[in-house]
Amino acid sequence: MHKSSQFLRFSVPVFVLLALPGCDRPPLSTNGVVGVFGGVGLAGGEFNYPRGITIGPDHCVYVVDKSARVQRFSSEGVFETGWRMPEFEAGKPVGLKAHPDGRIFIADTHYHRVIVYDRDGHELARFGSHGRGAGEFELPTDVAFDADGNVYVAEYYGNDRITKWSADLKFMSVLVSGEIDGKPLARPAGIDFDAEQTLWCADACNHRILRFDRQGRLLARFGELGDGPGQMRYPYDLAVVPDALGGGILVCEFEGNRLQWFSKDGKSLRTWGSVGRELGQVWMPWGVAVGADGRIYVVDSYNSRVQIIRP
């Protein structure tokens, strides 16, 4: 077990713009926004270019930003605690994912490893090292878990692949790499499993979404560069929508400045957002997560905030 020397609990009072309604109250705006939290700064509850988001089994929301801080919020956006990554001079993390047991896995991107924390920021484990061989990473971006507890890590730059690790964090195999349906995998960003135990991947620089079985066989793909329905610009994250909440896949388009909701067969169902600073607008959004109650949390990166919407 590793002890992080950089553990830091933030306790500074925070500014939170929050107006989460009950089910019978109107939203903050006509585009489905029901809450927003954050703001530019380095105090607890503020962000310096937030990039990754995940929701734990306790419904708490975790956000990592470009100052290498991880912050935990209540589901309503109230700041609870935070900590800083142990090293950050070489670069900052871009993705994180909550395990069903409550552990937080952070893709420590520029240190080519994954670090595992408890919900309060105490380091529990770390795995991976820099390289292109078995058990090594080159700029990991995101983490996902299958029903058996195996861990999957996406990485880009020289590797551009997804690797599989056992529940006890031992390297197992390279699941996906190389050419996929005519194009080399190019910056696999967000990854997530659905209830059918298929793995979804945002193939960011190819502007498409890929779906694999647990053996790494391609099951489906959709998307191309563009601004129309079914097209996308740099999908940096995705989130599976549980069937009880409507099903499908939510895709966060970094350069497209929107969310796009797809059915599992790749049909574009609706979009949300446009570029700007007003509520319901986003500027280079990086991440998305779906809460158990159906609320959607959008990392509005250049606006240094998280918007909460109810579609």
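Take the conditions in contact with a Cys (Cβ under 9 Å, 6 or more places away or on another chain), under 16 Å from residue 152 (Cβ atoms), modelled with pLDDT of 95 or more and surrounded by fewer than 23 Cβ atoms within 10 Å (Cβ to Cβ) and apply them to residue 193. Does it pass? No, not satisfied. State whether one or more residues within segment 62-82 are open to solvent by 10 Å² or more (accessible area, probe 1.4 Å), aliphatic (A, V, I, L, M) and closer than 15 Å to residue 191 by Cβ. Checked against the condition, which is being open to solvent by 10 Å² or more (accessible area, probe 1.4 Å), aliphatic (A, V, I, L, M) and closer than 15 Å to residue 191 by Cβ, segment 62-82 yields no hits at all.
Considering 103, 84, the condition of being basic (Lys, Arg), in contact (Cβ under 8 Å) with a residue 60 or more places away in the chain and over 20 Å from residue 236 (Cβ atoms) is satisfied by 84 alone.
All conditions but one from (1) under 19 Å from residue 176 (Cβ atoms); (2) open to solvent by less than 40 Å² (accessible area, probe 1.4 Å) apply to residue 273; the one that does not is (1).
Only one of the listed residues (291, 266, 280, 276) is in contact with a His (Cβ under 8 Å, 6 or more places away or on another chain) and of a type outside the set (A, V, I, L, M, F, W, C). That residue is 291. Does segment 40-49 contain at least one residue that is more than 24 Å from residue 310 (Cα to Cα), open to solvent by less than 20 Å² (accessible area, probe 1.4 Å) and under 15 Å from the mean Cα position of the chain (by Cα)? Within segment 40-49, not a single residue is more than 24 Å from residue 310 (Cα to Cα), open to solvent by less than 20 Å² (accessible area, probe 1.4 Å) and under 15 Å from the mean Cα position of the chain (by Cα). Here are some residues: 90, 147, 125. Which one is among the aliphatic types (A, V, I, L, M), in contact (Cβ under 8 Å) with a residue 40 or more places away in the chain, farther than 27 Å from residue 308 by Cα and in contact with a His (Cβ under 9 Å, 6 or more places away or on another chain)? Going through 90, 147, 125 in turn, the sole match is 125.
The set of residues from segment 157-177 being within 16 Å of residue 210 (Cβ to Cβ), open to solvent by 40 Å² or more (accessible area, probe 1.4 Å) and not hydrophobic (A, V, I, L, M, F, W, C) comprises just one member, 177. Consider residue 49 carefully, then state whether it is closer than 14 Å to residue 288 by Cα and not β-branched (Val, Ile, Thr). No, not satisfied.
Checking 260, 231, 281 one by one, the residue that is of a type in the set (S, T, N, Q), open to solvent by less than 30 Å² (accessible area, probe 1.4 Å), over 20 Å from residue 73 (Cβ atoms) and free of Cβ contacts under 8 Å to residues at least 60 places away in the same chain is 260 and no other.
Within segment 197-221, which residues are surrounded by fewer than 16 Cβ atoms within 10 Å (Cβ to Cβ) and either under 20 Å from the mean Cα position of the chain (by Cα) or in a strand (DSSP E or B) (or both)? Answer for segment 197-221, where residues must be surrounded by fewer than 16 Cβ atoms within 10 Å (Cβ to Cβ) and either under 20 Å from the mean Cα position of the chain (by Cα) or in a strand (DSSP E or B) (or both): 197, 218, 219, 220.
The values are calculated or read from the model by the stated rules, or taken from the named source; none is laboratory data. Since the structure is predicted, the reported quantities are computational estimates derived from the model, not experimental observations. So basically every Cβ, Gly included, is an ideal-geometry build from the backbone, and we count neighbours across all protein chains shown. In case anyone asks, the SASA skips ligands and DNA or RNA and just uses the protein heavy atoms, side chains included. Shrake-Rupley method; radii C 1.70, N 1.55, O 1.52, S 1.80 Å.
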